[in-house]
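The values are calculated or read from the model by the stated rules, or taken from the named source; none is laboratory data. Not measured: the values here are computed from a predicted model. A quick note on method: Cβ atoms are made from the backbone with ideal geometry, for glycine too, and the neighbour counts reach across all protein chains shown.
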Amino acid sequence: MADVGTATLILALGLAAYAAIASGLGQWRRVPEMVVSGRYATYTLPLVMGVSIAALVAAFVTHDFGIRYVAGNSNLALDPWLTWVALYAGNEGSLLFIAFIFSVLAAVAVWKAPAGVRPALPHTNVVLMLILLFYVGVMLTMANPFFELAAAPPDGQGINPLLTHPGMFLHPPVQMAGLIGVGIPFAFAMGHLMAGQPGDDWVLVARTWGLVVWAVLTGGLLLGAWWAYTILGWGGYWAWDPVENGALLPWLPMTAFIHSVMVQRRRGIFRMWNVALIILAWGFAMYGMFMNRGGPIPSVHSFGQSTMGWIFLIFLAVNLFAAFALFYWRYRMLRSARPLDSPLSREAAFLLNNLLFLLVAFVTLWGVVYPLISQAFQGVMVTVGRPYYDAIAGPLFLALVALMGVGPLLPWRRASRRTLARTLRLPMGVALAMAAALFVLGVRSPIPLLAFSVCGLVAAGILREWARGTRARRSRSGESYPVAFGRLVASNRPRYGGYIVHLAIVMLAFSITGSSFYSVQRDFSLEVGERAALGRYEVEYLGASTYPGPDRLEQRAEVQVYRDGRPVYRLSPGYVFYPAFSMAAARAGIRSSVVEDVYIIASEFSDDGRAIFRIHLNPLVLWMWISGPLMLVGTVVALWPERARVQRPTAGRQLRERALASRM
Amino acid sequence: MNLVRNVATRRRGSLALVVLAALLAWSSCASVAPQSSLERRAQALDRGLICPICPGESLDQSQVALAKQMQGVVREMLADGRTEMEIEDFFVERYGQAVLAAPRKEGFNLIVWVVPPVGALGGLTVLLLVVRAMVRGRRGQEGIMSPDAPESDAGLARYLEIVDRETGAAADVGGPPDGSGEARGGSANG
């Protein structure tokens, strides 16, 4: 098994090198056959990497503890379902996983490349293959998943207990796919620069891949938050941990990018912005992968003992240097012909959008990097944690949400102040009404008040658009409301998909505001039969039980929850001890409702029959989990291909807009 | 008549939404009786202190015994009447500055807090200047070719007619056709 695995890796290395050389040389020397050959080599790579992954899976399934990676991440007692998690649980396996995913994405990207980017495709292929070459090369030289031990131990170590949670079946693979996926639009951008032909064709492929990768990255982040919330036991979902920041950092320029390419597609401006944003996103993505493998700052997420971070840092530096060199070389090609018409326009709003996302990235990076600066200049290690990010990044995020509400209401090119005021009247009214209502009901703190009002503003704007559009369709076609709405969405998928995603973001902001400012927690020490009260809830300790397992010991407490005096449900918070890892994983008892979560942790079971409980009441958390699938739906709608319609000339559309606008 | 009724329905609809959202937000946020201020201060301190042996977890996040002990010490000291500053200093003395979740706003560490707002202001200023330069450049380009409003409505109607014919606008089924009332920008692609 190990031989098969290593052999396929060597084969992959050869094929990737061949594909890069054939494409590059073929393009340079104008030998079309070589270019085609290079492309076919790219297509074979997912198959080769697939065999590699299959070999590792087979090794796990057959308990081949002669392979160091298998011994380190599984044992005889391993639940077969967990083989999937064990695949990427460690450094070497995750590298193989990333390389496999990337080989698939690269092959699909090259295969499905639209006609407009064909001239630049060989260059793109070179970049894609060089990236793959790096990962396969690192595996073969430093982190071979098929490395064999001198003597096979009788049993493996087992998988890290924190990974046995359902969230771990999805979060790491999705997150890793998202991070490496940024390489695809990046490669297209580099291909476009290398080919040197001015034009905006690469925007089509940039938009499609950008949206797909963005959705995957967002999914990774939300899944990670869900995992942290349900298993880490502190009742929170985001800790501004360096590795979490490493995953957030690429998401920020990526979000700016998918918006900014819309402007390039429509107006042919922001070319430099878009190239710079995708380079930054890729740089951050590689930085994220570096942080996970032995970065200088400790984190709950890192693969721990690996010392190979430096090679990723070098790769990062090489990529950034090459990318910016290309950018500088092709600077003139990227200059925009048509500048802005007015500071009050959608283009300007997108410009502000870009700036805000970059600012958030900057302050996040600053927070991550500052401890190193302090160490270097003061010789003192400091921590830059939640208080910093809450104070500094919070307002920027709020500004972004507000912009998300106002931006889509701005017309392209130029907005008249009067029209804008009229369009904003309803959303502003809703926001003010919400603020007033909340104030009267007892929400006095200014920041949550502002945040909720902004959420109201954005939601009002979106829902009004939907209501208007549906009503207009109905008046024309007489369809029922649901059908009219469905057809409305189908008729303009990018726009309505975008609205759906924005609505999901509002839910996310709503959830974060509620849970950040109004979460309460209290510790109680209870005897069996005793009750504790928090808010309108009471928790009664019913008793504890112990469940021994082959490699673990589970202790659970049964509690009865009362709301307003009436019993409502039971929860079973507890702990699972893993002696082999000397680690305990919390199992919180969680009950979610749209209003709040009741979150109970049983932290200590003492010999005299008492147990210590920490009870959290976390408002609005469920909305965060609802927003995830909704964002996915929105992205799918936005990407759903439309029937080929008559291509209307853009100029005609612009003339019409301008004529209508100038009526005001 | 229809228009008035529509407006009224719309207003009622939005009002209902406002009330619903506000109730949801309020019911989740105001449902808990205020805790003792001592406990609240203790929890704030828990969030502001980092467990020394855990990788970057604050006291309220960490599950290890040391963190629980430290939480106990915090509560004891608060009950004794110590201030937040004194308690923080106590831990800094023992574990170093890294035990604070964020650096104090003094001395060298002031730059952590100052650089982001300064950067933000700088960025916004640059953006404003760039936008202004772009717009001025645009105005310079225009010269004779003024794209602004044609004089009469009749002229405009004829103009629109030509545009409609050329662009096959009869096939236009997308976006809010309400666009005649507002300059909403293009119907497709947001």
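Checked against (1) in contact with a helix residue (DSSP H, G or I) (Cβ under 7 Å, 6 or more places away or on another chain); (2) more than 9 Å from chain B (Cβ to nearest Cβ), A:Tyr496 passes all but condition (2).
With respect to (1) assigned to a helix (DSSP H, G or I); (2) within 9 Å of chain B (Cβ to nearest Cβ); (3) crowded, with 16+ Cβ neighbours inside 10 Å, the lone exception for A:Arg476 is condition (3).
Filtering A:Ser593, A:Ser515, A:Ser511 for residues that are touching a Leu at 6+ places or on another chain (Cβ under 7 Å), under 30 Å from A:Ala460 (Cβ atoms), within 14 Å of chain B (Cβ to nearest Cβ) and surrounded by fewer than 19 Cβ atoms within 10 Å (Cβ to Cβ) leaves a single hit, A:Ser593.
Restricting attention to the stretch A:98-115, the residues that are closer than 16 Å to A:Phe188 by Cβ and in contact (Cβ under 8 Å) with a residue 12 or more places away in the chain add up to 9. Pairs linking a residue in the stretch B:96-121 that is more than 7 Å from chain A (Cβ to nearest Cβ) to a residue that is part of a helix (DSSP H, G or I), with Cβ atoms under 7 Å and 6 or more positions apart or on different chains, are B:Val99/B:Phe91; B:Val99/B:Val92; B:Lys105/B:Trp113.
Candidates B:Glu142, B:Glu151, B:Glu161: the one that is within 10 Å of chain A (Cβ to nearest Cβ) and either at pLDDT below 80 or at positive phi (or both) is B:Glu142.
Among the residues making up the stretch B:48-83, a single one is facing chain A (nearest Cβ under 10 Å), touching a Pro at 6+ places or on another chain (Cβ under 9 Å) and modelled with pLDDT of 90 or more: B:Gly48.
Condition check ((1) touching a Phe, Trp or Tyr at 6+ places or on another chain (Cβ under 8 Å); (2) more than 14 Å from every other protein chain (Cβ to nearest Cβ); (3) assigned to a helix (DSSP H, G or I)) across all residues:
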position: A:Gln197; (1), (2), (3): no, yes, no
position: A:Leu204; (1), (2), (3): no, no, yes
position: A:Trp214; (1), (2), (3): yes, yes, yes
position: A:Gly220; (1), (2), (3): no, yes, yes
position: A:Gly224; (1), (2), (3): no, yes, yes
position: A:Gly236; (1), (2), (3): yes, no, no
position: A:Asn245; (1), (2), (3): no, no, yes
position: A:Leu249; (1), (2), (3): yes, yes, yes
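Among the conditions (1) surrounded by fewer than 16 Cβ atoms within 10 Å (Cβ to Cβ); (2) more than 12 Å from chain B (Cβ to nearest Cβ), A:Arg536 misses just one, which is (2).
Results for (1) under 29 Å from A:Val360 (Cβ atoms); (2) buried (at least 18 other Cβ atoms within 10 Å of the Cβ), shown as yes or no for each residue.
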| position | (1), (2) |
| --- | --- |
| A:Val401 | yes, yes |
| A:Arg418 | no, no |
| A:Arg425 | no, no |
| A:Met428 | yes, yes |
| A:Ala437 | no, yes |
| A:Leu441 | no, no |
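In the stretch A:434-446, of all residues being assigned to a loop (DSSP other than H, G, I, E, B) and at the interface with chain B (Cβ under 7 Å from one of its Cβ atoms), the one that is farthest from the chain's Cα centre (by Cα) corresponds to A:Gly442. Please indicate, with yes or no, whether at least one residue in the stretch A:356-379 is at pLDDT below 90 and in contact with a Phe, Trp or Tyr (Cβ under 6 Å, 6 or more places away or on another chain). Checking the stretch A:356-379: at least one residue is at pLDDT below 90 and in contact with a Phe, Trp or Tyr (Cβ under 6 Å, 6 or more places away or on another chain). From the list B:Gln97, B:Gln35, the one residue that fits, being out of contact with any strand residue (DSSP E or B) (no Cβ under 6 Å at 6 or more places or on another chain) and either closer than 30 Å to A:Ala467 by Cβ or modelled with pLDDT of 70 or more (or both), is B:Gln97.
Residues in the stretch A:514-542 that are more than 35 Å from the chain's Cα centre (by Cα) and of a type in the set (Asp, Glu): A:Glu527, A:Glu530, A:Glu538, A:Glu540. Residue check: is A:Val559 of a type in the set (Val, Ile, Thr) and assigned to a strand (DSSP E or B)? Spelling it out, A:Val559 is indeed of a type in the set (Val, Ile, Thr) and assigned to a strand (DSSP E or B). Exactly one residue out of A:Ile231, A:Ile269 is touching a residue at least 24 places away in the same chain (Cβ under 8 Å), within 25 Å of A:Gly498 (Cα to Cα) and either buried (at least 24 other Cβ atoms within 10 Å of the Cβ) or not assigned by TED's automatic domain parsing to the domain that holds A:Asn91 (or both): that is A:Ile269. Looking at (1) assigned by TED's automatic domain parsing to the domain that holds A:Arg39; (2) at pLDDT below 90; (3) farther than 30 Å from A:Phe581 by Cα, which is the one condition that is false for A:Asp200? For A:Asp200, the exception is condition (1).
Identification of helices (runs of 4 or more DSSP H) wholly contained in the stretch A:38-117 with 1 or more residues that are modelled with pLDDT of 95 or more and outside the structural domain of A:Ala285 (by TED's automatic domain parsing) yields A:91-111.
For the stretch A:544-589, give me the residue count where each residue is of a type in the set (Gly, Ala, Ser) and farther than 18 Å from A:Gly233 by Cβ.
4
Set side by side, the residues A:Ala431, A:Ala393, A:Ala421, A:Ala402 differ, and just one is without any contact (Cβ under 8 Å) to a residue 24 or more places away in the chain and in a helix (DSSP H, G or I), which is A:Ala421.
Within the stretch A:345-388, restricting attention to residues that are part of a loop (DSSP other than H, G, I, E, B) and out of contact with any helix residue (DSSP H, G or I) (no Cβ under 7 Å at 6 or more places or on another chain), the residue that is nearest to B:Val130 (Cα to Cα) is A:Ser345.
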